[in-house]
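Visitor: Input: one structure, supplied below.
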Number of protein chains: 2
Amino acid sequence: MTDAPTTAPVARAATAGEVLAGYLTAQAGAFLRALPQAVGEAGSRPGALPASAQAADDLLRAVRRVGGALHTFAAAFDPQWAQESRTELRWLLNLLAQEPGYQRRATRLLGALDSLADTSPDGAGMLAGHAGAPKARALLERQLTLARTRAHTALLQELRSARLHALADRMTLLAGEVPLAAPAEPAAALLPRAAAALAALVGAGERLPWQRSAQAYGGAGLHRLGPAEPAAPAGAPAAVPPARTAADADAALAADDAPWLRARILVKRARYALEVCGAPGEGLRELDGVLARHQEASDAAATVATAARTPRITPATAYVLGVVHADQRLEVESARYAFGRQWPAVAPGLVGPAAVLPA
Amino acid sequence: MTDAPTTAPVARAATAGEVLAGYLTAQAGAFLRALPQAVGEAGSRPGALPASAQAADDLLRAVRRVGGALHTFAAAFDPQWAQESRTELRWLLNLLAQEPGYQRRATRLLGALDSLADTSPDGAGMLAGHAGAPKARALLERQLTLARTRAHTALLQELRSARLHALADRMTLLAGEVPLAAPAEPAAALLPRAAAALAALVGAGERLPWQRSAQAYGGAGLHRLGPAEPAAPAGAPAAVPPARTAADADAALAADDAPWLRARILVKRARYALEVCGAPGEGLRELDGVLARHQEASDAAATVATAARTPRITPATAYVLGVVHADQRLEVESARYAFGRQWPAVAPGLVGPAAVLPA
């Protein structure tokens, strides 16, 4: 699939219902096409699931977009139906995202370790030839494979569940007829709702401590983790991190990363809102990419910190894990720096009515 | 002391001998004033040496400047005397630089560790509250204190040696009468020699792989250490690093850092050559500062890597040392990035006759 919006833009549609129905019908169709491939043929051996990584990706893509549209344009739908649908979509999203997440994390961490331990004359790393490197690699690979296998098993158990069948029925309904609250509402009524999604992002983006990462190598990802953010205002996603209290590195890092992870959710919502309206969102796609790198490096660093607490590892293994942990926190810092360089160019385009008008 | 040149500039002096004698007399005088304080009063207890850190700094300052002038303007002096003097000054330089070097390294490493392990809510580090942090701190402190004590003892043994007395006599001679090869040579004859020192720096600077660090967070200090540099051309300092062969991280890092350490020697020589001529050298002073940071971080990282090989440390200690090692290599990378941002502004001013003309 391409990223081009699949709906008729707002300008050419008569009613908000037509615009939303066009978008959701297309996404629900993509969901229903991807589902059998992702779940596998009926009767195929369970171990072979999911049959297609591409189908799983397409499924995730559709799940995110339908969920985002139901959130941003919630007032346009039958409230109970929209709420239930979002809950079920979030359940499937969490289920589907686990395994590819562990896959990407393994690729990232083993790649970083191999690069740090590279001994070739033209590209040696700071752990070149270190005795702990193969042991640390084996440890990370073992732990990530185990986590991935568990996620896969959990997915298998749910992919043929009654709950998934009910969600598929819900999407079949959506592909035919979207349950709208006020079908005759003019299309322009969508614009303030999309604008609100952009405003939520701009508000969260301006509160991000990206000025702390405005200078390269400020060490913000290693030293000087910031204070926990003030409580998010109403309308922000519910996942507000707890205020930092414990003198604990994991908690400090999680609290430091939380506003950035929340910003990514808002970027995605804003992207899909613009897609519904048929407005261009290239800058948001780039921000999403930067924040994806931030999140993956943050998750990878946490995995390494956990691995370093494995009992009975050798000091050499622990030392290598320390280097890899710092390396991934450096990636976190690098992503924040990149965000700080992109944000001032993207943010002004998200404010005002022009931002949500179709191209 | 200030950094203002203490000689009459080239333009106002009649002969090269007058310019050099003016500079060297002032520096030898500074040497002789600082020496008794650095060595301590005759009869004071040996344990109290050196009596004054400021005096030791002043002594180092004078030693570097006299040595630099004797190197750059070698042709102006009696060759055997100049060669012998440089050998003796280098001996004293190595002796004097050890202890403050360990002092600075301890300040840097313990400061970095304290910052990484900081648990305060507004500035927690990625090792906040980590069980290995106090152990790693104690280990580094113990090893650096031991190294510092050894350097101190070695200094004490030599500070009242016949060799030092002979060097002091040499400086006394220099403060009175500089043994010049051709005292009547015109002052302008110094300019091509100073220009050669600048050209050596420009050549080495252009060969530095700073383009590899032109992008922030390129990871050059952790990943992708470069190949050993091609052999330096004639005229470059003798300390050419051996070509990288061993699949060994320490060797790879040392080879990666070597061209930068060499560049710092050339920056200092160029600075002192401009000082002799009374020409401004502000840009070089800044480059020297950046390369000093590079060298100190590189040395600190090597100290941590060595400490991590201490037998019977706990995995938690080793993990913390891995983080600190990566942190210091990040500082190395940061210094290279800073160099790459300064060099294009400084280098053009070092080329051509205007560079060495007095202000």
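The values are calculated or read from the model by the stated rules, or taken from the named source; none is laboratory data. Since this is a predicted model, take the numbers as computed values, not measurements. Backbone-built Cβ (ideal geometry, glycine too); neighbour counts: all protein chains shown. Side chains included, ligands, DNA and RNA excluded: accessible areas come from the protein's heavy atoms. Shrake-Rupley method; radii C 1.70, N 1.55, O 1.52, S 1.80 Å.
Visitor: Among A:ARG65, A:ARG108, A:ARG61, A:ARG104, which is the only one that is within 14 Å of chain B (Cβ to nearest Cβ), under 21 Å from the mean Cα position of the chain (by Cα) and in contact (Cβ under 8 Å) with a residue 60 or more places away in the chain?
Guide: So the residue among A:ARG65, A:ARG108, A:ARG61, A:ARG104 that is within 14 Å of chain B (Cβ to nearest Cβ), under 21 Å from the mean Cα position of the chain (by Cα) and in contact (Cβ under 8 Å) with a residue 60 or more places away in the chain is A:ARG108.
Visitor: Let me ask another. What number of residues within region B:273-294 are more than 12 Å from B:LEU350 (Cβ to Cβ) and either among the β-branched types (Val, Ile, Thr) or surrounded by 22 or more Cβ atoms within 10 Å (Cβ to Cβ) (or both)?
Guide: So the answer is 7.
Visitor: Determine, yes or no, whether A:ASP78 is in contact with a Gly (Cβ under 6 Å, 6 or more places away or on another chain), modelled with pLDDT under 95 and not hydrophobic (A, V, I, L, M, F, W, C).
Guide: No: the conditions fail for A:ASP78.
Visitor: I need the full set of residues from region B:99-149 which are among the basic types (Lys, Arg) and assigned to a loop (DSSP other than H, G, I, E, B), in order please.
Guide: none
Visitor: Next question. Could you list all residues from region A:13-56 that are modelled with pLDDT under 85, under 23 Å from A:LEU357 (Cβ atoms) and surrounded by 13 or more Cβ atoms within 10 Å (Cβ to Cβ)?
Guide: A:ALA13
Visitor: Considering region B:115-139 alone, what residues qualify as being more than 7 Å from chain A (Cβ to nearest Cβ) and at pLDDT below 95?
Guide: B:ALA117, B:ASP118, B:SER120, B:ALA131
Visitor: Which of the residues belonging to region B:51-65 are outside any helix (DSSP H, G or I) and among the polar types (S, T, N, Q)?
Guide: Within region B:51-65, B:SER52 is the sole residue that qualifies.
Visitor: Only residues in region A:87-98 that are closer than 16 Å to A:ARG150 by Cα count as the first member; pair them with residues that are hydrophobic (A, V, I, L, M, F, W, C) and surrounded by fewer than 15 Cβ atoms within 10 Å (Cβ to Cβ), Cβ under 9 angstrom, at least 6 apart or cross-chain, and list the lot.
Guide: A:LEU95/A:ALA154; A:GLN98/A:ALA154
Visitor: Among the residues of region A:82-135, how many are closer than 24 Å to A:THR314 by Cβ and either of a type outside the set (Asp, Glu) or open to solvent by less than 20 Å² (accessible area, probe 1.4 Å) (or both)?
Guide: Final tally of qualifying residues: 24.
Visitor: From A:ALA182, A:ALA195, A:ALA188, A:ALA200, grab the single residue that is out of contact with any Asp or Glu (no Cβ under 9 Å at 6 or more places or on another chain) and part of a loop (DSSP other than H, G, I, E, B).
Guide: A:ALA182
Visitor: Go through region B:176-187 and give me each residue that's under 29 Å from the mean Cα position of the chain (by Cα) and open to solvent by 30 Å² or more (accessible area, probe 1.4 Å).
Guide: The answer is B:GLY176, B:GLU177, B:PRO179, B:LEU180.
Visitor: Looking at the structure I just gave you, is B:ALA326 within 11 Å of chain A (Cβ to nearest Cβ) and over 14 Å from B:LEU109 (Cα atoms)?
Guide: Spelling it out, it is not the case that B:ALA326 is within 11 Å of chain A (Cβ to nearest Cβ) and over 14 Å from B:LEU109 (Cα atoms).
Visitor: Pairs, please: C-beta under 6 Å, at least 6 apart or cross-chain, first residue facing chain A (nearest Cβ under 7 Å) and in region B:213-224, second open to solvent by less than 30 Å² (accessible area, probe 1.4 Å) and polar (S, T, N, Q)?
Guide: B:TYR217/A:SER334
Visitor: While we're looking at this one, here's another question. Quick check on B:ALA168: is it of a type in the set (A, V, I, L, M), closer than 30 Å to B:GLY281 by Cβ and either modelled with pLDDT of 90 or more or surrounded by fewer than 14 Cβ atoms within 10 Å (Cβ to Cβ) (or both)?
Guide: yes
Visitor: Give me the residue from region B:249-297 that is in a helix (DSSP H, G or I) and free of Cβ contacts under 8 Å to residues at least 12 places away in the same chain and, out of that set, nearest to the other protein chains (Cβ to nearest Cβ).
Guide: B:ALA251
Visitor: Within region A:237-250, does at least one residue satisfy the condition of being polar (S, T, N, Q), over 15 Å from A:ALA338 (Cα atoms) and modelled with pLDDT under 95?
Guide: Yes, that holds for at least one residue.
Visitor: While we're looking at this one, here's another question. For region B:122-160, which residues satisfy the criterion of being of a type in the set (A, V, I, L, M) and over 30 Å from A:THR306 (Cα atoms)?
Guide: B:LEU144, B:LEU146, B:ALA147, B:ALA151, B:ALA154, B:LEU155, B:LEU156, B:LEU159, listed by residue number.
Visitor: When the residues of region B:302-319 are filtered to those that are assigned to a loop (DSSP other than H, G, I, E, B) and at the interface with another protein chain (Cβ under 8 Å from one of its Cβ atoms), which remaining residue is most open to solvent (accessible area, probe 1.4 Å)?
Guide: So, considering only residues that are assigned to a loop (DSSP other than H, G, I, E, B) and at the interface with another protein chain (Cβ under 8 Å from one of its Cβ atoms), the one most open to solvent (accessible area, probe 1.4 Å) is B:THR314.
Visitor: Looking at region B:139-159, which of the residues that are open to solvent by 70 Å² or more (accessible area, probe 1.4 Å) and in contact with a helix residue (DSSP H, G or I) (Cβ under 7 Å, 6 or more places away or on another chain) is nearest to B:ILE313 (Cα to Cα)?
Guide: Applying the filter and picking the extreme gives B:GLU141.
Visitor: Going through region A:332-359 one residue at a time, which ones are more than 8 Å from chain B (Cβ to nearest Cβ), in contact (Cβ under 8 Å) with a residue 40 or more places away in the chain and among the charged types (D, E, K, R)?
Guide: A:ARG336
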